[in-house]
1. Go through the range 78-126 and count every residue that is open to solvent by 10 Å² or more (accessible area, probe 1.4 Å) and hydroxyl-bearing (Ser, Thr, Tyr).
2. Return the only residue of Val110, Val98 being farther than 21 Å from Leu193 by Cβ, among the β-branched types (Val, Ile, Thr) and in contact with a Lys or Arg (Cβ under 9 Å, 6 or more places away or on another chain).
3. So, restricting to helices (runs of 4 or more DSSP H) that lie completely within the range 1-79, which ones have at least 2 residues that are in contact (Cβ under 8 Å) with a residue 60 or more places away in the chain and over 21 Å from the mean Cα position of the chain (by Cα)?
4. Condition first: over 20 Å from Cys90 (Cα atoms) and of a type in the set (Ser, Thr, Tyr). Now tell me which residues in the range 214-268 satisfy that.
5. Quick check on the range 111-134. Is at least one of its residues under 20 Å from Val188 (Cβ atoms) and either of a type outside the set (A, V, I, L, M, F, W, C) or assigned to a helix (DSSP H, G or I) (or both)?
6. Quick one: which residue in Leu179, Leu158, Leu193, Leu141 is closer than 16 Å to Met91 by Cβ, surrounded by 14 or more Cβ atoms within 10 Å (Cβ to Cβ) and either touching a Cys at 6+ places or on another chain (Cβ under 7 Å) or not acidic (Asp, Glu) (or both)?
Amino acid sequence: MAVGFLSGWLGFFIVALVLAGCVAVFAKVSLAGLSAPQTVLTAGITLLVLSFTTLSFNGFFKSAKHFSHGSIKDIVISGVLMSLGFIFLCMAIQMTEVLSTAPFYLLVPVFVFIAETVFKKKMPAAVTLILYLAIAVGILLMGFGTHHKHGLWWLFALLGPLCLAAGHLYEKRNPLGELQQTAVLFIVVIVALILSFFIHHKDLRKITAYHVLFGILTGIAYYYAPIALSHAKSLCGYDIWLSFFYSLWIVVTVIIATLFLREKISAITATGLGIIIVAYSVRFALTHFI
């Protein structure tokens, strides 16, 4: 019985970690044939469809009719920022390796921290500042640890998390309910659809069902990773440990990108990854044990 219990939560956790690590890899495969907006559009539609597995379609639209003007404004702003954030990140992934670009998603909490520090006009604790600085350094080392054919990849890699961080801060000040969060996905899809007419793949003939499939898999992985983690937490008493190891999904991404995309990890990239792991570990230890 104990073995069954262990395999239950451990199985969900492994699924959660692998799915989180696969998101950028799946997106990279999809982007070989689709443009960044098209990949976000495909993944966004997938997320919408999956959302309605727990929501009533008719009930949602009946409730949506009663959204206030302020709520609609919050939904539109959040959706636009989310869509742009993921489109910029996909553009960076399309330009260069996953090993270099996927870590930039970890800049979202770093940018949120910087913005909140500036808004509060209060100097944070020295240890917290050093840890966030270490995470940022690790991300930059991973990003610039290899040679890149496209010189502007880093611009999109930075714009992506900036938009996502702005969206996070906006939603923190203007919280959205479950129905509003689903409505945000509609805006994400609409924005991606519009931009898909302006941002094209360099070779439209490369678009195949294979690339669309991986766009769908990107949405599935992004949707089910946190759900699997939630199931794992509900089956055991190691919540803080599971959250910590889940936060290191970038390690799984590096392993998968190395094995299946044949990307090579340089010494500088490995150093950056090591710094990120150490920084996350120290922050976890300080938060929960000291």
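1. Residues flagged as open to solvent by 10 Å² or more (accessible area, probe 1.4 Å) and hydroxyl-bearing (Ser, Thr, Tyr) within the range 78-126 amount to 3.
2. Of Val110, Val98, the one residue that is farther than 21 Å from Leu193 by Cβ, among the β-branched types (Val, Ile, Thr) and in contact with a Lys or Arg (Cβ under 9 Å, 6 or more places away or on another chain) is Val98.
3. 2-30, 57-64
4. Selection gives Ser230, Ser234, Tyr238, Ser243, Tyr246, Ser247, Ser266.
5. Scanning the range 111-134, I find at least one residue that is under 20 Å from Val188 (Cβ atoms) and either of a type outside the set (A, V, I, L, M, F, W, C) or assigned to a helix (DSSP H, G or I) (or both), so the answer is yes.
6. Leu158
Rundown of residues vs (1) part of a helix (DSSP H, G or I); (2) modelled with pLDDT of 95 or more; (3) among the hydrophobic types (A, V, I, L, M, F, W, C), yes/no style:
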| position | (1), (2), (3) |
| --- | --- |
| His168 | yes, yes, no |
| Gln181 | yes, no, no |
| Val189 | yes, yes, yes |
| His201 | no, no, no |
| Gly219 | yes, yes, no |
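Every residue, every condition in (1) open to solvent by less than 50 Å² (accessible area, probe 1.4 Å); (2) free of Cβ contacts under 8 Å to residues at least 40 places away in the same chain; (3) assigned to a helix (DSSP H, G or I); (4) closer than 20 Å to Phe144 by Cα, yes or no:
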position: Cys236; (1), (2), (3), (4): yes, no, no, no
position: Ser243; (1), (2), (3), (4): yes, yes, yes, no
position: Ile250; (1), (2), (3), (4): yes, no, yes, yes
position: Val254; (1), (2), (3), (4): yes, no, yes, yes
position: Leu259; (1), (2), (3), (4): no, yes, yes, no
position: Ile268; (1), (2), (3), (4): no, no, yes, yes
position: Leu273; (1), (2), (3), (4): yes, no, yes, yes
position: Val278; (1), (2), (3), (4): no, no, yes, yes
position: Arg283; (1), (2), (3), (4): no, no, yes, no
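The values are calculated or read from the model by the stated rules, or taken from the named source; none is laboratory data. Remember, predicted model here, so these are calculated numbers, not experimental data. A quick note on method: Cβ atoms are made from the backbone with ideal geometry, for glycine too, and the neighbour counts reach across all protein chains shown. The area values use the complete protein model at the heavy-atom level, side chains included, leaving out ligands, DNA and RNA. Shrake-Rupley method; radii C 1.70, N 1.55, O 1.52, S 1.80 Å.
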